[in-house]
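To keep things clear, I will list the structure first and then write my remarks on it.
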Amino acid sequence: MTLSMEAPRRRTMLLTGASRGIGHATVKRFSAAGWRVISCSRQAFPENCPWEMGAQDHIQVDLEDVQNTREAIDEIRRRLEDGQLDALVNNAGISPKGEDGVRLGTLNTELEDWHRVFQVNFFAPMMLARGLMKELEAAKGSIVNVTSIAGSRVHPFAGSAYATSKAALAGLTREMASDFGPIGIRVNSISPGEIDTSILSPGTDKIVEQIPMRRLGTPEEVAKAIYFLCTEQSSYVHGAEIHINGGQHV
């Protein structure tokens, strides 16, 4: 008598904004744990980050473009051969600056920039979640929205459009948790503070002096929190916003 031992199904994660910083570290964290990662970004696949099947599982999409986003959702569905998606991480975000990198407030941000920021930072996450709802439901998957400390306080560098879009995304996370929970999909968010990436603004060192832990966070530390929210270790965490900022919010 022989016993058949089926190999466990490989889990799949979709990540937007994968080309640098937090997204880059998140892809590597999940890939190292054996997950299949489908990455999405405006750029082509970054050759300097060769995770397994990276180029084949990368989708170039402009989340500012509603139709292009819809086309990407259809393409993602086609790539999910078993019809299951275990995790959706909405990490992509944009924050336009003025000349010489100046912060754009409510008085000097053009209406077109408000629309552009909200499409990428707020509407695209909602479109992806709704568009891939059946695949997430089939896997009893998780959604993680990446918000920001700027969504809960006026930030010296983050512009008004970015900050309010992240505040809206935090609110959307609560609404999605209420709506998606009954069909077995967990929805949470993470709220990073000052993370050591290539997009740090001059003067960040002054902020670090006020952070209780007296240092920047790393993309890897954020990636570990995202991974936690997408695994069984957080099986009853739902509708939460986890602050990753070294105590900056206290």
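The amide H of L88, built 1.01 Å from its N in the peptide plane, has L14, S142, I143, V144 as neighbours under 5 Å, considering only residues 5 or more places off or on other chains. Within segment 12-243, the percentage of alpha carbon pairs spaced more than 31 angstrom apart rounds to 17%.
Residues in segment 149-155 carry Karplus couplings, in order, of 4, 5, x, 10, 7, 5, 9 Hz; the curve used is 6.51 cos²θ - 1.76 cosθ + 1.60 with θ = phi - 60°, and Gly or Pro positions show x. Distant-in-sequence amide contacts of G105, defined by a placed amide H-H separation under 5 Å and a gap of 5 or more residues or a different chain, comprise S160. Scan the chain and report its longest stretch carrying no GluC sites (Glu not before Pro) that are both in a DSSP loop and have at most 13 other Cβ atoms within 10 Å. Answer from the scan: 111-208. Per the Cα gyration tensor, segment 52-148 maps to an equivalent ellipsoid with semi-axes of 30, 14, 12 Å, ordered largest to smallest. Summarising the label geometry, the points placed 7 Å from Cα in the beta-carbon direction at M126 and R214 lie 4.4 nm from one another.
Extension gain for A33 to D82 (0.36 nm times residue separation, less C-alpha to C-alpha distance): 15.6 nm. Put simply, the amide H of H243, placed in the peptide plane, has neighbours under 5 Å in S191, leaving out anything fewer than 5 places away on its chain. Whole-Hz Karplus values for segment 177-183 come out as 4, 5, 7, 8, x, x, 9 Hz, taken residue by residue from phi with 6.51 cos²θ - 1.76 cosθ + 1.60 and θ = phi - 60°; glycine and proline positions read x. Our coupling estimate for segment 121-133, obtained by passing each phi through the Karplus curve with A = 6.51, B = -1.76, C = 1.60 and θ = phi - 60°, is 7, 10, 6, 4, x, 5, 4, 5, 5, 6, x, 10, 4 Hz, Gly and Pro reported as x. This model, with +1 at the C-beta of Lys and Arg and -1 at the C-beta of Asp and Glu, gives the chain a dipole about its Cα centre of some 520 debye. Per residue, the convex hull spanned by the Cα atoms of segment 54-106 measures out at 138 cubic angstrom.
Any read-out appearing in this document is the output of simple, stated calculations on the displayed coordinates, not a laboratory observation. Predicted, not measured: the structure shown is a model, and the values here were computed from it. Every residue, glycine as well, gets a Cβ built from its backbone with ideal geometry; the counts of neighbours run over all protein chains shown.
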